[in-house]
Amino acid sequence: MNRKMWLKIAAGTGVFALVVWGLIAIFSKHPQDYAMATVSLRDLTETVTGNGTVEPDQQVSLAFNMQGLVNYVSVNVGDTVKKGQVLASLDASSLSAQLDGAKADLMSAQANLALAKKGARPEELAIYAQKYSDASSAFITAMKNAYLENEDAVLNKADMVFVNGPTANPTINIRTQSQAEQLSINSERISISDKLNTWKQALSAVNSTATSSDQIKPAMSATDAGLSAVKSFTDHLGTIAGNLSVGNSGMSQSAIDTVVAAVNGAAQESNNAATAEQAAEATWSNARDSLALEEAGSTPEAIQSAQAAEAKAQANVEALQSQLYHSYLIAPFDGIVTNADLKVGQVFVPGISSNETIGLMSSGDFKVEILVPETDIGKIAVGDKAAITLDAYGPSQDFPAAVSLIDPAETVQNGVNSYKVTLRFDNAADARIKSGLSANVSITAKSVSSAIAVPASSIITKGSGKYVLVKDPKSAAFAEKKVTIGIESADGYVEILSGLNTNDTVADFGSAN
């Protein structure tokens, strides 16, 4: 780098240094050519303002949500109504009838559930016990009758084809197909005698008034065995008799017919007795099980079934009650009717009869909603007092109000975040307040008494800092001083939290020189 270049750099550095020194001198000491303001104590009030429209606190357009014939309209535009008042209704006679039936079904289901939970009453148990006792006696009688009829079938009918039938050496006296068959049927006749004896002894051991299963079951087992043996025996005899013919038996047709009739008669008598005994056994078994069930009480499954039936009946009642409720238009709050387009006799159809409504707004309760930018929303809170002026009555007439709600979510307008703030009038009964009036809102955010204050036009903003120019009392010059500020009042004064004292003189850039 040559000498000339070094000289240029040195000269430039010197000039820069002079400029910086001059700026410092300018900003640190200022000539006395500003308008001035004296730092003083003031009562300051910070406000947040906005514009809105007076609205009813509540307003609604009521319409039916079901189809039906309008049979009642009780209001006209301008009428005052009370919360819960019926304004109009649809014909619901059919729904009322269905609801009555559903309530009856619910009462029945509730009664059944109560019985299931409680179990049988003593008098009911006595009835079941008597039924079981009667069935037991009938069953024992049926088994004894079955024995007598089967004994008769064997001794007085089947034995006509045997010699020495009831003895230990019975012999069939009609032709069989083979010697083996003859030996087999003779053996069966011996077994039948044993079965009948066992059966008779078992029946003798049971009293006709017995009801215990332990007493009845041995006789029942012997009866089943005896009936089965006689049936098998008579079936075998029926086969042998069916094979007889004049040519192979040495018997006349008349004699063969007599044998067949006797064997068939024995089989029929045994079958009839078995049928009657089985019917009596089924009745006895059902009576026994029913009594046991009643004595044990309702099963969990039975109670659950009864509970499900009751729940279903309850749901049906509630569904019909809901439908019936929606056949009425009911005022949800005290208010004034703003429109009444429903007419008696018209058929209302949801989605089609969209203009056929009853409008309602709250009476005497009004609100104003304004949008507050995010830079000011932190200054206010629910409960803050406010003054509202209405264009209809001029700027000098204040209507006291208070903040009742601050929306938690932002409202974006033109890319700027704002928050909806709702205010309600202190005197809700003021007749001058009407829906639709333009409103100007001033919310008192914060008040400070005897605050050190300067005009807002005295504040200089540099970066994130706040400064003022303070006059040196010993000279005509002003020196820059950093300050901490608080609230700013609507009349243009700023609270000074630190950096100034009362009676200090500061430059005021809002006044003419």
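The values are calculated or read from the model by the stated rules, or taken from the named source; none is laboratory data. Just so it is clear, the model here is predicted, and its values are computed rather than measured. Don't worry about glycine lacking a Cβ; one is built from the backbone with ideal geometry, like all the others, and counts go over all protein chains shown.
The table for this structure:
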read-out: Boolean, Q98 is closer than 22 Å to E294 by Cα and of a type outside the set (G, A, S); value: no
read-out: Selection status of A439, assigned by TED's automatic domain parsing to the domain that holds V48, within 28 Å of L390 (Cβ to Cβ) and modelled with pLDDT under 90; value: no
read-out: Residues satisfying the stated conditions in the stretch 443-496, i.e. at negative phi, surrounded by fewer than 14 Cβ atoms within 10 Å (Cβ to Cβ), touching a residue at least 24 places away in the same chain (Cβ under 8 Å) and part of a strand (DSSP E or B); value: S449
read-out: Number of positions in the stretch 381-400 that are over 15 Å from I370 (Cα atoms) and in a loop (DSSP other than H, G, I, E, B); value: 5
read-out: Test: residue in the stretch 96-116 that is part of a strand (DSSP E or B) and not aliphatic (A, V, I, L, M); value: no
read-out: From V403, V412, residue being in the same structural domain as V441 (by TED's automatic domain parsing), without any contact (Cβ under 8 Å) to a residue 12 or more places away in the chain and not in a loop (DSSP other than H, G, I, E, B); value: V412
read-out: Residue selected from the stretch 347-377 under the condition among the polar types (S, T, N, Q) and closer than 30 Å to T47 by Cβ, by the criterion surrounded by the most Cβ atoms within 10 Å (Cβ to Cβ); value: S362
read-out: K82, sole failed condition from (1) surrounded by fewer than 18 Cβ atoms within 10 Å (Cβ to Cβ); (2) modelled with pLDDT of 90 or more; (3) assigned by TED's automatic domain parsing to the domain that holds L293; (4) not acidic (D, E); value: (3)
read-out: One residue from I377, I352 being of a type in the set (A, V, I, L, M), at pLDDT below 90 and not assigned by TED's automatic domain parsing to the domain that holds N112; value: I352
read-out: Residue match in the stretch 226-241 (condition: small (G, A, S), in contact with a helix residue (DSSP H, G or I) (Cβ under 8 Å, 6 or more places away or on another chain), exposed (fewer than 13 other Cβ atoms within 10 Å of the Cβ) and under 16 Å from S178 (Cα atoms)); value: no
read-out: Inter-residue pairs, beta-carbon under 7 Å, first assigned by TED's automatic domain parsing to the domain that holds G492 and in the stretch 21-47, second modelled with pLDDT of 50 or more and in a helix (DSSP H, G or I), 6+ apart; value: A37/S458
read-out: So E294, is it touching a helix residue (DSSP H, G or I) at 6+ places or on another chain (Cβ under 8 Å), part of a helix (DSSP H, G or I) and under 30 Å from T234 (Cβ atoms); value: no
read-out: Enumeration of residues in the stretch 168-183 that are assigned to a helix (DSSP H, G or I), surrounded by 15 or more Cβ atoms within 10 Å (Cβ to Cβ) and out of contact with any Ser or Thr (no Cβ under 8 Å at 6 or more places or on another chain); value: E181
read-out: Only one of T209, T223, T198, T141 that is among the β-branched types (V, I, T) and part of a loop (DSSP other than H, G, I, E, B); value: T209
read-out: All positions within the stretch 430-442 that are in a strand (DSSP E or B) and of a type in the set (S, T, N, Q); value: S438, N440, S442
read-out: Selection status of N417, assigned by TED's automatic domain parsing to the domain that holds E46 and not in a strand (DSSP E or B); value: no
